[in-house]
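Accompanying notes for the structure given below.
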Amino acid sequence: MSGPRTLYHMVRADFLERVRRYGFLLTLGLAVYLGYAIYAGQIGLQVGSYRGDQNSAWVGSEVGLVASMVLSLVGFYVIKNAIQRDRETRVGQVLASTPMSNTLYVLGKVLSNFAVLAAMVLILAFAAVLIQLLQGADAHIQLFALLSPILIFGLGTLAVTAALAVIFEVLPGLRGGLGNVLYVFVWIGLMVLGTTKATTAHYFADYGGLYTVLGQMQAQVHQLDPQSHSSRMFAGGAGPNPSTKIFLWSGVHWNSTLVISRFLWLAIAAGVTALAVILFDRFDPARTTWTKAKDSRPDDGPAGEALEKIRPEAAQRIATQLTALTTIAPGDAMRRRFFTLVVAELRLMLRGHPWWWYAVAAGLIIACLSAPLSAGRAGIILAVWLWPVLLWSQMGTREAQYLTRSLIFSAPRVFPRQLLAIWVAGVCVAALAGSGLGLHLLVAGDFAGLEAWTAGALFIPALALALGVWTESRKPFEALYTIWWYIGPVEHMSKLDFMGTTVGSSTPGLYLAGSAVLLIATCAWRRVRVAHA
(Lines give C-alpha, C1' and ligand atoms only; values in the text may rest on other atoms or scores of the structure.)
Protein backbone atom coordinates (compact mmCIF):
# COMPACT_ATOMS: atom_id res chain seq x y z
CA MET A 1 0.00 0.00 0.00
CA SER A 2 3.01 2.29 0.18
CA GLY A 3 2.80 3.02 -3.55
CA PRO A 4 -0.83 4.23 -3.61
CA ARG A 5 -0.31 6.13 -0.35
CA THR A 6 2.79 7.84 -1.75
CA LEU A 7 0.92 8.66 -4.95
CA TYR A 8 -1.97 10.14 -2.97
CA HIS A 9 0.28 12.35 -0.87
CA MET A 10 2.25 13.42 -3.93
CA VAL A 11 -0.88 14.42 -5.87
CA ARG A 12 -2.35 16.13 -2.83
CA ALA A 13 0.82 18.12 -2.12
CA ASP A 14 1.19 19.14 -5.75
CA PHE A 15 -2.45 20.21 -5.97
CA LEU A 16 -2.30 22.21 -2.73
CA GLU A 17 0.89 23.92 -3.89
CA ARG A 18 -0.86 24.99 -7.08
CA VAL A 19 -4.02 26.29 -5.43
CA ARG A 20 -1.88 28.68 -3.38
CA ARG A 21 -0.69 30.39 -6.56
CA TYR A 22 -2.32 33.40 -8.17
CA GLY A 23 -2.50 31.44 -11.39
CA PHE A 24 -5.05 29.09 -9.83
CA LEU A 25 -7.24 32.05 -8.88
CA LEU A 26 -7.06 33.19 -12.50
CA THR A 27 -8.04 29.67 -13.52
CA LEU A 28 -11.12 29.73 -11.31
CA GLY A 29 -11.87 33.22 -12.58
CA LEU A 30 -11.83 31.86 -16.13
CA ALA A 31 -14.29 29.12 -15.19
CA VAL A 32 -16.60 31.67 -13.54
CA TYR A 33 -16.38 33.92 -16.60
CA LEU A 34 -17.26 31.07 -18.94
CA GLY A 35 -20.33 30.35 -16.82
CA TYR A 36 -21.32 34.03 -16.97
CA ALA A 37 -20.72 34.15 -20.73
CA ILE A 38 -23.13 31.25 -21.21
CA TYR A 39 -25.70 32.90 -18.95
CA ALA A 40 -25.38 36.26 -20.74
CA GLY A 41 -25.60 34.68 -24.20
CA GLN A 42 -22.03 35.59 -25.16
CA ILE A 43 -21.31 31.89 -25.70
CA GLY A 44 -24.09 29.68 -26.90
CA LEU A 45 -25.01 26.59 -28.86
CA GLN A 46 -27.13 26.96 -31.98
CA VAL A 47 -28.47 24.56 -34.59
CA GLY A 48 -29.26 26.53 -37.73
CA SER A 49 -31.92 29.05 -36.72
CA TYR A 50 -32.89 26.97 -33.69
CA ARG A 51 -31.81 27.05 -30.10
CA GLY A 52 -33.00 24.82 -27.30
CA ASP A 53 -35.35 25.62 -24.49
CA GLN A 54 -33.36 26.48 -21.37
CA ASN A 55 -33.98 23.19 -19.61
CA SER A 56 -31.43 21.02 -17.80
CA ALA A 57 -30.54 19.04 -20.94
CA TRP A 58 -29.79 22.15 -23.00
CA VAL A 59 -27.82 24.00 -20.30
CA GLY A 60 -25.86 20.85 -19.49
CA SER A 61 -24.98 20.30 -23.15
CA GLU A 62 -23.82 23.91 -23.54
CA VAL A 63 -21.68 23.87 -20.41
CA GLY A 64 -20.33 20.38 -21.16
CA LEU A 65 -19.11 21.39 -24.61
CA VAL A 66 -17.57 24.60 -23.27
CA ALA A 67 -15.78 22.53 -20.62
CA SER A 68 -14.45 19.99 -23.12
CA MET A 69 -13.48 22.43 -25.88
CA VAL A 70 -12.40 25.65 -24.15
CA LEU A 71 -10.80 24.17 -21.04
CA SER A 72 -8.91 21.55 -23.05
CA LEU A 73 -7.25 24.43 -24.91
CA VAL A 74 -6.75 27.06 -22.21
CA GLY A 75 -6.26 24.57 -19.38
CA PHE A 76 -3.18 23.09 -21.06
CA TYR A 77 -1.23 26.31 -20.50
CA VAL A 78 -2.40 26.50 -16.89
CA ILE A 79 -1.06 23.06 -15.97
CA LYS A 80 2.01 22.81 -18.23
CA ASN A 81 4.58 23.65 -15.55
CA ALA A 82 4.56 20.76 -13.07
CA ILE A 83 7.81 19.07 -14.11
CA GLN A 84 9.46 22.34 -15.17
CA ARG A 85 8.91 23.72 -11.67
CA ASP A 86 10.69 20.70 -10.19
CA ARG A 87 13.60 21.25 -12.60
CA GLU A 88 13.96 24.91 -11.68
CA THR A 89 13.68 24.42 -7.92
CA ARG A 90 16.01 21.36 -7.93
CA VAL A 91 13.26 19.31 -6.28
CA GLY A 92 13.47 16.93 -9.22
CA GLN A 93 17.08 16.05 -8.48
CA VAL A 94 16.10 15.28 -4.89
CA LEU A 95 13.21 13.07 -6.00
CA ALA A 96 15.46 11.31 -8.51
CA SER A 97 17.70 10.17 -5.67
CA THR A 98 14.79 8.48 -3.86
CA PRO A 99 13.32 5.01 -4.56
CA MET A 100 10.28 6.65 -6.19
CA SER A 101 9.73 5.07 -9.61
CA ASN A 102 9.32 6.99 -12.84
CA THR A 103 5.82 5.57 -13.18
CA LEU A 104 4.78 6.90 -9.79
CA TYR A 105 6.26 10.34 -10.46
CA VAL A 106 4.77 10.80 -13.95
CA LEU A 107 1.39 9.39 -12.90
CA GLY A 108 1.36 11.77 -9.94
CA LYS A 109 1.94 14.76 -12.24
CA VAL A 110 -0.81 13.63 -14.63
CA LEU A 111 -3.26 13.18 -11.76
CA SER A 112 -2.40 16.54 -10.21
CA ASN A 113 -2.89 18.17 -13.63
CA PHE A 114 -6.24 16.45 -13.91
CA ALA A 115 -7.23 17.58 -10.42
CA VAL A 116 -6.63 21.23 -11.34
CA LEU A 117 -8.69 20.89 -14.52
CA ALA A 118 -11.40 18.94 -12.70
CA ALA A 119 -11.75 21.83 -10.23
CA MET A 120 -12.59 24.08 -13.19
CA VAL A 121 -15.17 21.57 -14.42
CA LEU A 122 -16.79 21.42 -10.99
CA ILE A 123 -17.04 25.21 -10.96
CA LEU A 124 -18.78 25.07 -14.33
CA ALA A 125 -21.10 22.32 -13.09
CA PHE A 126 -22.14 24.51 -10.16
CA ALA A 127 -22.52 27.43 -12.56
CA ALA A 128 -24.81 25.30 -14.76
CA VAL A 129 -27.25 24.92 -11.87
CA LEU A 130 -27.22 28.68 -11.28
CA ILE A 131 -27.65 29.39 -15.00
CA GLN A 132 -30.82 27.32 -15.20
CA LEU A 133 -32.25 28.84 -12.03
CA LEU A 134 -31.41 32.45 -12.91
CA GLN A 135 -32.62 32.27 -16.50
CA GLY A 136 -36.01 31.29 -15.14
CA ALA A 137 -37.20 29.44 -18.23
CA ASP A 138 -37.37 26.06 -16.51
CA ALA A 139 -36.70 25.93 -12.79
CA HIS A 140 -37.08 22.14 -12.64
CA ILE A 141 -33.56 20.74 -12.42
CA GLN A 142 -32.86 17.24 -13.74
CA LEU A 143 -29.43 16.45 -12.34
CA PHE A 144 -28.54 13.62 -14.71
CA ALA A 145 -29.48 15.55 -17.85
CA LEU A 146 -27.67 18.62 -16.50
CA LEU A 147 -24.46 17.07 -15.16
CA SER A 148 -23.84 14.04 -17.40
CA PRO A 149 -22.61 16.02 -20.45
CA ILE A 150 -20.41 18.19 -18.24
CA LEU A 151 -18.76 15.31 -16.41
CA ILE A 152 -18.57 12.75 -19.21
CA PHE A 153 -17.45 15.04 -22.03
CA GLY A 154 -15.52 17.49 -19.88
CA LEU A 155 -13.58 15.12 -17.63
CA GLY A 156 -12.84 12.63 -20.43
CA THR A 157 -11.34 15.30 -22.67
CA LEU A 158 -9.39 16.95 -19.86
CA ALA A 159 -7.82 13.62 -18.88
CA VAL A 160 -6.14 13.60 -22.31
CA THR A 161 -5.14 17.25 -21.82
CA ALA A 162 -3.54 16.44 -18.46
CA ALA A 163 -1.49 13.62 -20.03
CA LEU A 164 -0.47 15.72 -23.04
CA ALA A 165 0.78 18.49 -20.75
CA VAL A 166 3.13 16.01 -19.06
CA ILE A 167 4.48 14.47 -22.26
CA PHE A 168 5.12 17.95 -23.66
CA GLU A 169 7.23 18.63 -20.55
CA VAL A 170 9.04 15.32 -20.86
CA LEU A 171 10.12 15.88 -24.47
CA PRO A 172 13.05 18.38 -24.53
CA GLY A 173 12.00 20.09 -27.76
CA LEU A 174 8.44 20.75 -26.56
CA ARG A 175 9.03 21.97 -23.02
CA GLY A 176 8.93 25.65 -23.81
CA GLY A 177 7.85 28.03 -26.53
CA LEU A 178 7.71 25.56 -29.41
CA GLY A 179 5.46 23.26 -27.43
CA ASN A 180 3.22 26.14 -26.37
CA VAL A 181 2.63 27.07 -30.00
CA LEU A 182 2.44 23.51 -31.33
CA TYR A 183 -0.27 22.46 -28.86
CA VAL A 184 -2.82 24.72 -30.52
CA PHE A 185 -2.36 22.76 -33.75
CA VAL A 186 -2.57 19.47 -31.84
CA TRP A 187 -5.82 20.67 -30.28
CA ILE A 188 -7.22 21.70 -33.65
CA GLY A 189 -6.29 18.33 -35.11
CA LEU A 190 -8.03 16.49 -32.27
CA MET A 191 -11.14 18.63 -32.59
CA VAL A 192 -11.55 18.05 -36.34
CA LEU A 193 -11.28 14.28 -36.02
CA GLY A 194 -15.05 14.05 -35.69
CA THR A 195 -17.71 14.89 -38.25
CA THR A 196 -21.18 16.40 -38.10
CA LYS A 197 -22.84 12.97 -38.23
CA ALA A 198 -23.17 11.07 -34.96
CA THR A 199 -22.70 7.57 -36.38
CA THR A 200 -21.10 4.71 -34.50
CA ALA A 201 -17.66 5.20 -36.05
CA HIS A 202 -17.69 8.93 -35.49
CA TYR A 203 -18.39 8.60 -31.77
CA PHE A 204 -14.87 7.25 -31.29
CA ALA A 205 -13.25 10.07 -33.25
CA ASP A 206 -15.14 12.91 -31.55
CA TYR A 207 -12.59 14.25 -29.06
CA GLY A 208 -14.59 17.13 -27.58
CA GLY A 209 -18.07 15.67 -28.04
CA LEU A 210 -19.15 18.59 -30.25
CA TYR A 211 -20.15 16.56 -33.30
CA THR A 212 -21.86 13.92 -31.21
CA VAL A 213 -24.12 16.47 -29.54
CA LEU A 214 -24.68 18.52 -32.69
CA GLY A 215 -25.46 15.37 -34.68
CA GLN A 216 -28.15 14.33 -32.21
CA MET A 217 -29.51 17.87 -32.07
CA GLN A 218 -29.65 18.11 -35.85
CA ALA A 219 -31.52 14.83 -36.05
CA GLN A 220 -34.10 16.10 -33.56
CA VAL A 221 -34.43 19.48 -35.31
CA HIS A 222 -34.74 17.74 -38.69
CA GLN A 223 -37.80 15.91 -37.41
CA LEU A 224 -39.38 19.27 -36.61
CA ASP A 225 -38.09 21.15 -39.67
CA PRO A 226 -36.74 19.02 -42.55
CA GLN A 227 -35.34 22.15 -44.25
CA SER A 228 -32.92 22.90 -41.41
CA HIS A 229 -29.42 21.49 -42.06
CA SER A 230 -26.80 24.00 -40.86
CA SER A 231 -25.32 24.21 -37.39
CA ARG A 232 -23.06 26.59 -35.53
CA MET A 233 -21.20 26.43 -32.23
CA PHE A 234 -20.31 29.29 -29.91
CA ALA A 235 -22.69 31.88 -31.33
CA GLY A 236 -22.04 35.17 -29.59
CA GLY A 237 -25.02 37.46 -29.13
CA ALA A 238 -27.27 37.66 -32.15
CA GLY A 239 -24.52 36.62 -34.59
CA PRO A 240 -24.84 36.58 -38.35
CA ASN A 241 -27.49 33.85 -38.16
CA PRO A 242 -29.52 34.60 -35.03
CA SER A 243 -31.63 31.86 -33.50
CA THR A 244 -35.30 32.73 -33.76
CA LYS A 245 -36.93 29.36 -33.11
CA ILE A 246 -37.06 27.26 -29.95
CA PHE A 247 -37.10 23.49 -29.76
CA LEU A 248 -37.23 21.15 -26.79
CA TRP A 249 -33.91 19.34 -26.52
CA SER A 250 -34.43 16.02 -24.77
CA GLY A 251 -30.75 15.57 -23.93
CA VAL A 252 -27.84 13.43 -25.09
CA HIS A 253 -28.85 9.85 -25.91
CA TRP A 254 -26.33 7.83 -23.89
CA ASN A 255 -26.16 4.51 -25.69
CA SER A 256 -23.52 1.89 -24.93
CA THR A 257 -21.38 2.80 -27.96
CA LEU A 258 -21.21 6.46 -26.95
CA VAL A 259 -20.25 5.61 -23.37
CA ILE A 260 -17.54 3.19 -24.54
CA SER A 261 -16.19 5.84 -26.90
CA ARG A 262 -15.69 8.23 -24.00
CA PHE A 263 -13.81 5.51 -22.08
CA LEU A 264 -11.62 5.14 -25.16
CA TRP A 265 -10.30 8.67 -24.59
CA LEU A 266 -9.50 7.73 -21.00
CA ALA A 267 -7.54 4.77 -22.38
CA ILE A 268 -5.72 7.13 -24.75
CA ALA A 269 -4.83 9.34 -21.79
CA ALA A 270 -3.43 6.28 -20.03
CA GLY A 271 -1.42 5.39 -23.14
CA VAL A 272 0.04 8.90 -23.38
CA THR A 273 0.96 8.66 -19.70
CA ALA A 274 2.71 5.33 -20.27
CA LEU A 275 4.67 6.86 -23.16
CA ALA A 276 5.67 9.78 -20.92
CA VAL A 277 6.99 7.29 -18.35
CA ILE A 278 9.20 5.69 -21.00
CA LEU A 279 10.53 9.03 -22.25
CA PHE A 280 11.03 10.63 -18.82
CA ASP A 281 14.75 11.33 -18.22
CA ARG A 282 14.44 11.36 -14.40
CA PHE A 283 16.29 14.71 -14.37
CA ASP A 284 19.46 12.99 -15.57
CA PRO A 285 21.69 15.38 -17.60
CA ALA A 286 23.37 12.37 -19.26
CA ARG A 287 20.07 11.44 -20.92
CA THR A 288 19.50 14.91 -22.33
CA THR A 289 19.90 14.93 -26.09
CA TRP A 290 21.46 17.52 -28.35
CA THR A 291 18.22 19.47 -28.17
CA LYS A 292 19.21 20.80 -24.77
CA ALA A 293 21.16 23.58 -26.40
CA LYS A 294 17.95 24.67 -28.09
CA ASP A 295 15.62 23.74 -25.27
CA SER A 296 12.99 26.12 -24.08
CA ARG A 297 13.76 28.95 -21.76
CA PRO A 298 11.93 29.06 -18.44
CA ASP A 299 8.25 29.65 -19.12
CA ASP A 300 6.82 29.67 -15.62
CA GLY A 301 8.08 32.90 -14.14
CA PRO A 302 11.59 34.05 -13.22
CA ALA A 303 14.14 31.32 -12.76
CA GLY A 304 17.73 31.64 -11.71
CA GLU A 305 18.64 28.44 -13.52
CA ALA A 306 18.34 30.31 -16.81
CA LEU A 307 21.78 31.76 -16.15
CA GLU A 308 23.18 28.36 -17.05
CA LYS A 309 22.04 28.88 -20.64
CA ILE A 310 24.57 31.67 -21.22
CA ARG A 311 27.90 32.49 -19.64
CA PRO A 312 27.52 34.84 -16.64
CA GLU A 313 30.12 37.23 -18.04
CA ALA A 314 28.18 37.42 -21.33
CA ALA A 315 24.96 38.24 -19.52
CA GLN A 316 26.66 40.94 -17.49
CA ARG A 317 28.36 42.39 -20.59
CA ILE A 318 25.02 42.65 -22.39
CA ALA A 319 23.41 44.26 -19.37
CA THR A 320 26.29 46.72 -18.99
CA GLN A 321 26.00 47.73 -22.64
CA LEU A 322 22.27 48.30 -22.29
CA THR A 323 22.87 50.28 -19.10
CA ALA A 324 25.40 52.53 -20.83
CA LEU A 325 22.99 53.16 -23.66
CA THR A 326 20.30 54.44 -21.29
CA THR A 327 22.42 57.15 -19.71
CA ILE A 328 21.63 60.82 -20.18
CA ALA A 329 22.80 62.41 -23.41
CA PRO A 330 21.72 65.74 -24.89
CA GLY A 331 20.14 66.34 -28.30
CA ASP A 332 21.37 64.29 -31.22
CA ALA A 333 23.52 62.14 -28.98
CA MET A 334 20.41 61.08 -27.05
CA ARG A 335 18.64 60.12 -30.25
CA ARG A 336 21.68 58.22 -31.48
CA ARG A 337 21.88 56.31 -28.22
CA PHE A 338 18.19 55.43 -28.44
CA PHE A 339 18.72 54.15 -31.99
CA THR A 340 21.73 52.14 -30.79
CA LEU A 341 19.65 50.75 -27.95
CA VAL A 342 16.97 49.65 -30.43
CA VAL A 343 19.64 47.93 -32.53
CA ALA A 344 21.01 46.20 -29.44
CA GLU A 345 17.55 44.94 -28.47
CA LEU A 346 16.95 43.78 -32.03
CA ARG A 347 20.23 41.86 -32.05
CA LEU A 348 19.33 40.18 -28.75
CA MET A 349 15.95 39.25 -30.18
CA LEU A 350 17.35 37.73 -33.39
CA ARG A 351 20.41 35.97 -32.02
CA GLY A 352 20.67 32.19 -31.69
CA HIS A 353 18.44 31.06 -34.56
CA PRO A 354 19.63 28.59 -37.24
CA TRP A 355 20.00 29.61 -40.86
CA TRP A 356 16.89 27.76 -41.96
CA TRP A 357 14.76 29.90 -39.64
CA TYR A 358 15.78 32.99 -41.60
CA ALA A 359 15.34 31.10 -44.88
CA VAL A 360 11.71 30.30 -44.01
CA ALA A 361 11.11 33.93 -43.01
CA ALA A 362 12.55 35.12 -46.33
CA GLY A 363 10.43 32.60 -48.21
CA LEU A 364 7.28 33.90 -46.53
CA ILE A 365 8.19 37.48 -47.48
CA ILE A 366 8.64 36.42 -51.12
CA ALA A 367 5.37 34.48 -51.02
CA CYS A 368 3.48 37.60 -49.87
CA LEU A 369 5.03 39.60 -52.71
CA SER A 370 4.36 37.06 -55.45
CA ALA A 371 0.92 35.75 -54.40
CA PRO A 372 -2.34 37.53 -55.21
CA LEU A 373 -3.10 40.31 -52.75
CA SER A 374 -6.20 38.57 -51.40
CA ALA A 375 -4.22 35.38 -50.72
CA GLY A 376 -1.42 37.32 -49.04
CA ARG A 377 -3.75 39.29 -46.79
CA ALA A 378 -6.14 36.51 -45.83
CA GLY A 379 -3.76 33.53 -45.87
CA ILE A 380 0.00 33.92 -46.05
CA ILE A 381 0.13 36.70 -43.44
CA LEU A 382 -1.21 34.17 -40.92
CA ALA A 383 2.01 32.17 -41.23
CA VAL A 384 4.16 35.31 -41.57
CA TRP A 385 3.12 36.71 -38.19
CA LEU A 386 3.07 33.36 -36.43
CA TRP A 387 6.64 32.45 -37.39
CA PRO A 388 8.36 35.06 -35.10
CA VAL A 389 6.19 34.31 -32.05
CA LEU A 390 9.18 32.99 -30.08
CA LEU A 391 11.06 36.22 -30.80
CA TRP A 392 8.26 38.41 -29.49
CA SER A 393 7.65 36.23 -26.43
CA GLN A 394 11.05 37.15 -24.95
CA MET A 395 10.17 40.85 -24.87
CA GLY A 396 10.11 42.19 -21.33
CA THR A 397 11.26 38.91 -19.77
CA ARG A 398 15.05 39.00 -20.13
CA GLU A 399 15.64 41.04 -16.95
CA ALA A 400 13.92 38.31 -14.91
CA GLN A 401 15.35 35.45 -16.96
CA TYR A 402 18.98 36.50 -16.62
CA LEU A 403 18.65 38.26 -13.24
CA THR A 404 19.83 41.62 -14.58
CA ARG A 405 17.07 43.76 -13.08
CA SER A 406 19.37 45.46 -10.59
CA LEU A 407 21.80 46.44 -13.36
CA ILE A 408 19.12 47.66 -15.76
CA PHE A 409 16.93 49.48 -13.24
CA SER A 410 19.89 51.31 -11.68
CA ALA A 411 20.74 53.08 -14.95
CA PRO A 412 19.77 56.77 -15.30
CA ARG A 413 16.63 57.40 -17.34
CA VAL A 414 16.05 53.70 -17.91
CA PHE A 415 12.36 54.49 -17.79
CA PRO A 416 10.71 54.59 -20.27
CA ARG A 417 13.55 54.48 -22.81
CA GLN A 418 14.37 50.81 -22.48
CA LEU A 419 10.75 49.70 -22.78
CA LEU A 420 10.21 51.86 -25.84
CA ALA A 421 13.39 50.48 -27.40
CA ILE A 422 12.18 46.89 -26.84
CA TRP A 423 8.81 47.74 -28.38
CA VAL A 424 10.38 49.44 -31.40
CA ALA A 425 12.61 46.40 -31.90
CA GLY A 426 9.52 44.18 -31.82
CA VAL A 427 7.79 46.44 -34.33
CA CYS A 428 10.84 46.13 -36.58
CA VAL A 429 10.54 42.34 -36.46
CA ALA A 430 6.83 42.52 -37.33
CA ALA A 431 7.47 45.02 -40.14
CA LEU A 432 10.36 43.03 -41.60
CA ALA A 433 8.49 39.74 -41.44
CA GLY A 434 5.38 41.28 -42.98
CA SER A 435 7.21 43.56 -45.42
CA GLY A 436 6.11 41.47 -48.38
CA LEU A 437 2.43 42.11 -47.70
CA GLY A 438 3.08 45.73 -46.69
CA LEU A 439 4.81 46.52 -49.98
CA HIS A 440 2.11 44.69 -51.94
CA LEU A 441 -0.63 46.73 -50.24
CA LEU A 442 1.28 49.96 -50.86
CA VAL A 443 1.83 49.23 -54.55
CA ALA A 444 -1.83 48.23 -54.99
CA GLY A 445 -2.99 51.44 -53.29
CA ASP A 446 -4.98 49.49 -50.69
CA PHE A 447 -4.61 52.01 -47.90
CA ALA A 448 -7.36 50.46 -45.78
CA GLY A 449 -5.46 47.19 -45.86
CA LEU A 450 -2.22 49.02 -45.14
CA GLU A 451 -3.81 50.63 -42.08
CA ALA A 452 -4.84 47.19 -40.81
CA TRP A 453 -1.31 45.89 -41.50
CA THR A 454 0.20 48.80 -39.55
CA ALA A 455 -2.17 48.26 -36.63
CA GLY A 456 -1.17 44.59 -36.45
CA ALA A 457 2.56 45.39 -36.64
CA LEU A 458 2.19 47.81 -33.71
CA PHE A 459 -0.22 45.74 -31.62
CA ILE A 460 1.57 42.38 -31.58
CA PRO A 461 4.81 43.73 -29.98
CA ALA A 462 2.78 45.88 -27.57
CA LEU A 463 0.90 42.78 -26.40
CA ALA A 464 4.12 40.76 -26.11
CA LEU A 465 5.87 43.50 -24.14
CA ALA A 466 2.92 44.02 -21.81
CA LEU A 467 2.55 40.33 -20.97
CA GLY A 468 6.32 39.91 -20.62
CA VAL A 469 6.68 42.82 -18.21
CA TRP A 470 3.58 41.96 -16.20
CA THR A 471 4.23 38.22 -15.83
CA GLU A 472 8.04 38.02 -16.34
CA SER A 473 7.34 34.83 -18.30
CA ARG A 474 7.27 33.87 -21.97
CA LYS A 475 4.39 31.40 -21.72
CA PRO A 476 1.44 33.83 -21.31
CA PHE A 477 2.16 35.53 -24.62
CA GLU A 478 2.93 32.29 -26.45
CA ALA A 479 -0.35 30.80 -25.23
CA LEU A 480 -2.60 33.84 -25.56
CA TYR A 481 -1.22 34.95 -28.91
CA THR A 482 -1.53 31.52 -30.52
CA ILE A 483 -5.10 31.05 -29.27
CA TRP A 484 -6.03 34.59 -30.32
CA TRP A 485 -4.36 34.02 -33.69
CA TYR A 486 -6.61 31.02 -34.30
CA ILE A 487 -9.87 32.53 -33.01
CA GLY A 488 -9.42 35.95 -34.63
CA PRO A 489 -7.36 36.07 -37.85
CA VAL A 490 -7.73 32.42 -38.87
CA GLU A 491 -11.50 32.39 -38.32
CA HIS A 492 -11.81 36.05 -39.49
CA MET A 493 -13.81 36.90 -36.38
CA SER A 494 -14.75 40.56 -36.24
CA LYS A 495 -13.07 42.64 -33.49
CA LEU A 496 -10.68 39.76 -32.74
CA ASP A 497 -8.91 39.87 -36.11
CA PHE A 498 -5.90 42.01 -35.14
CA MET A 499 -4.27 41.31 -38.53
CA GLY A 500 -7.21 42.62 -40.57
CA THR A 501 -7.25 39.57 -42.84
CA THR A 502 -10.56 40.59 -44.44
CA VAL A 503 -12.38 43.88 -44.93
CA GLY A 504 -15.33 42.72 -42.84
CA SER A 505 -13.24 41.63 -39.85
CA SER A 506 -10.73 44.49 -39.95
CA THR A 507 -10.87 46.98 -37.05
CA PRO A 508 -7.52 48.82 -37.20
CA GLY A 509 -8.66 51.72 -35.02
CA LEU A 510 -9.40 49.34 -32.17
CA TYR A 511 -5.92 47.83 -32.25
CA LEU A 512 -4.12 51.12 -32.72
CA ALA A 513 -5.85 52.35 -29.57
CA GLY A 514 -5.14 49.01 -27.89
CA SER A 515 -1.43 49.34 -28.65
CA ALA A 516 -1.33 52.77 -27.00
CA VAL A 517 -3.22 51.53 -23.95
CA LEU A 518 -0.94 48.52 -23.54
CA LEU A 519 2.21 50.68 -23.80
CA ILE A 520 0.92 53.20 -21.25
CA ALA A 521 -0.12 50.44 -18.84
CA THR A 522 3.21 48.65 -19.27
CA CYS A 523 5.19 51.84 -18.63
CA ALA A 524 3.11 52.55 -15.53
CA TRP A 525 3.75 49.03 -14.21
CA ARG A 526 7.46 49.27 -14.93
CA ARG A 527 7.65 52.68 -13.19
CA VAL A 528 6.26 51.06 -10.06
CA ARG A 529 8.78 48.22 -10.31
CA VAL A 530 11.69 50.64 -10.84
CA ALA A 531 10.58 52.72 -7.87
CA HIS A 532 10.62 49.65 -5.62
CA ALA A 533 13.69 48.00 -7.11
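The values are calculated or read from the model by the stated rules, or taken from the named source; none is laboratory data. Please read all numbers here as calculations on a predicted model, not as lab measurements. Here the Cβ positions follow ideal geometry from the backbone for every residue, glycine too, while neighbour counts run over all protein chains shown. Areas reflect the complete protein model, heavy atoms only, side chains present, ligands, DNA and RNA absent. Shrake-Rupley method; radii C 1.70, N 1.55, O 1.52, S 1.80 Å.
Listing for the model above:
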quantity	calculated
The stretch 74-192, accessible area per residue, ligands and nucleic acids excluded (1.4 Å, Å²)	35
Ranked by how many other beta carbons lie within 10 Å on average, peptides 514-521, 206-213, 60-67 from highest	60-67, 206-213, 514-521
Accessible carbon and sulfur surface of the stretch 1-127 relative to its total accessible area, %, 1.4 Å	68
At R0 = 41 Å, FRET efficiency that the Cβ-Cβ distance of LEU496 and ASP225 yields, to 0.05	0.85
Apportionment of accessible area to carbon and sulfur, the stretch 428-508, percent (1.4 Å)	73
